[in-house]
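Report on one structure; see the data block that follows.
The values are calculated or read from the model by the stated rules, or taken from the named source; none is laboratory data. The structure displayed is predicted, hence computed values, not measured ones. Cβ sites come from the backbone with ideal geometry, for glycine too, and all protein chains shown count toward neighbours.
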Amino acid sequence: MSMPSDAVSPPRPLSHGRAMAERSTEATDVAPASDVADVADGGAGSAAQEAGGLQVRGLSKVLGGRTIIDNLDLSVREGELVSLLGPSGCGKTTTLRMIAGFLAPDTGTIAVAGQDVAHLGAEKRPSAMVFQNYALWPHMTVFKNVAFPLKLRKLPKVDIARRVDAVLELVNLLHHRDSRPGRISGGEQQRVALARALVQEPDLLLLDEPLSNLDAKLRVKVREDIREIQQRLGITTLIVTHDQDEALSISDRIAVMNAGRIEQYSTPGELYARPRTEFVATFIGSLNRIEGSYRDGVLGSGSDVVGIRPEDVAFSATALPGYRPATVERIVPRGHFSEVYLRRDDALLRSYLGGVAPAPGDRGYARISKAMIFRNGLLVSGTEATADQ
Ligand SMILES: Nc1ncnc2c1ncn2[C@@H]1O[C@H](COP(=O)(O)OP(=O)(O)OP(=O)(O)O)[C@@H](O)[C@H]1O
Ligand SMILES: [Mg+2]
């Protein structure tokens, strides 16, 4: 691991941030979610970016007689934040543990910053992991908790103090330097755990559901903190979550995982707009899922699955071109908007409406502006209704 002893002040020089910004620009320019590119390696990146990040190839693991990870490929570019998103039990933690070196894969290669790490133990890998439960030592002060990995490496005391203080400042916890973990809040404990990983100046930061113990408001705050620090340092990061909001709001790219495989790997916008499978479409964002057919804005009978985003269903109290008669069945107030359930063409459609909501039983007109058609779980077409439909 590259660990210059003078590098935590701040841990990475400002030029990293600049390099990061340049990389991000390039990434958006060159990484459309083309069909071929975004499954295996997440799209085109320059050789330098690929070499500097994480490359996982052909990773498999059988546990308890079941294939838990099934020939998984994943590339994270240098400086990128990627979320591994999927339902409970799909193999996210298992994947992360193999990358970190806590679990030996049955097959596959893992390279971090251009170095093959498969044969190295966790402590020798240029990666640091933040665990879901923080794993802080209650009897040690915040300072000592963060200093621990550096002490293990027998760094001189003065260097340890400098690096720990710099990283505590980075996560805004210097004032709690001498507090014990039990005396600080959940969000602060989470930042101590993050600091303990960052102080190691890893080439790769791994986070397993780092926010799951926090309440809803704090989750949003801490995830923004993590993203901000990650971008400031330009540190390659892989974060595990089953929370789509979290993944969508902080990731450069998201790898959507299902049953031990990556089902689609792309930018948040692409995944939402062009999900390749029904699983991805339902996992990312909300979806009206209707069995039948869809043609020119009209739902009919059939054996396909029609997926319609709530924001693609519009409601009008008066007749308009392309709108068909609909009845309001149910309203769920959501603060600044309402979820409105509409009955149209024999289907129940959820729609988001701002302003004054209609009442249950109201009659009006609804228009479907866009639908995705899935057959055998795969997207076969995404259709936009013409203006007069
Ligand atoms: N040592 C083990 N022996 C047998 N099965 C295991 C073992 N470890 C994990 N599994 C199984 O592997 C599957 C994937 O587990 P994993 O912890 O990776 O899921 P996950 O995606 O992280 O889920 P969650 O979101 O609930 O944390 C689960 O079905 C789990 O029961
Ligand atoms: Mg897990």
**Close pairs (8 angstrom Cβ cut-off, 6 or more residues apart or separate chains): under 15 Å from Arg375 (Cα atoms) in segment 271-283, basic (Lys, Arg) and surrounded by fewer than 22 Cβ atoms within 10 Å (Cβ to Cβ) anywhere** = Glu278/Arg289; Thr282/Arg289
**Item:** Leu349 vs. criteria in contact (Cβ under 8 Å) with a residue 60 or more places away in the chain and exposed (fewer than 15 other Cβ atoms within 10 Å of the Cβ)
**Value:** no
**Fill in**
Result of the Cβ filter at 6 Å on segment 93-106, keeping first residues that are part of a helix (DSSP H, G or I) and partners that are hydroxyl-bearing (Ser, Thr, Tyr) and more than 8 Å from ligand 1 (Cβ to nearest atom), at least 6 apart or interchain, is Ala100/Ser127
**Request:** Among residues belonging to segment 156-185 that are of a type in the set (Gly, Ala, Ser) and surrounded by fewer than 16 Cβ atoms within 10 Å (Cβ to Cβ), point out the one that is farthest from Arg232 (Cα to Cα).
**Result:** Gly182
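If you scan segment 147-158, which residues turn out to be part of a helix (DSSP H, G or I) and within 20 Å of Lys124 (Cα to Cα)?
Initial filter on segment 147-158 (part of a helix (DSSP H, G or I)): 147-152, 157-158.
Of everything in segment 147-158, those that are part of a helix (DSSP H, G or I) and within 20 Å of Lys124 (Cα to Cα) turn out to be Ala147, Phe148, Pro149, Leu150, Lys151, Leu152.
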**Prompt:** Of all residues in segment 226-245, which are crowded, with 19+ Cβ neighbours inside 10 Å and more than 14 Å from ligand 2 (Cβ to nearest atom)?
**Reply:** Ile226, Ile229, Gln230, Gln231, Leu233, Gly234, Ile235, Thr236, Thr237, Gln244
**Prompt:** Give me the pairs: first residue in segment 219-231 and under 10 Å from Ile250 (Cβ atoms), second residue surrounded by fewer than 17 Cβ atoms within 10 Å (Cβ to Cβ) and among the hydroxyl-bearing types (Ser, Thr, Tyr), beta-carbon distance under 7 Å, and six or more apart or on different chains, which are they?
**Reply:** Arg223/Ser249
**Message:** If Leu103 satisfies all but one of (1) crowded, with 21+ Cβ neighbours inside 10 Å; (2) modelled with pLDDT of 95 or more; (3) within 16 Å of ligand 2 (Cβ to nearest atom), what's the number of the condition it fails?
**Reply:** (1)
**Selection count, segment 123-152, where residues are more than 16 Å from ligand 1 (Cβ to nearest atom), surrounded by 15 or more Cβ atoms within 10 Å (Cβ to Cβ) and in contact (Cβ under 8 Å) with a residue 12 or more places away in the chain** = 14
**Request:** Check segment 294-305 and report whether any residue there is part of a helix (DSSP H, G or I) and outside the structural domain of Leu211 (by TED's automatic domain parsing).
**Result:** no
**Complete:** All conditions in (1) within 16 Å of ligand 2 (Cβ to nearest atom); (2) more than 25 Å from Gly234 (Cα to Cα); (3) of a type in the set (A, V, I, L, M, F, W, C) are true of Met140 except (1)
**Request:** For Leu233, indicate whether it is at pLDDT 90 or above and either outside the structural domain of Leu84 (by TED's automatic domain parsing) or over 13 Å from the mean Cα position of the chain (by Cα) (or both).
**Result:** no
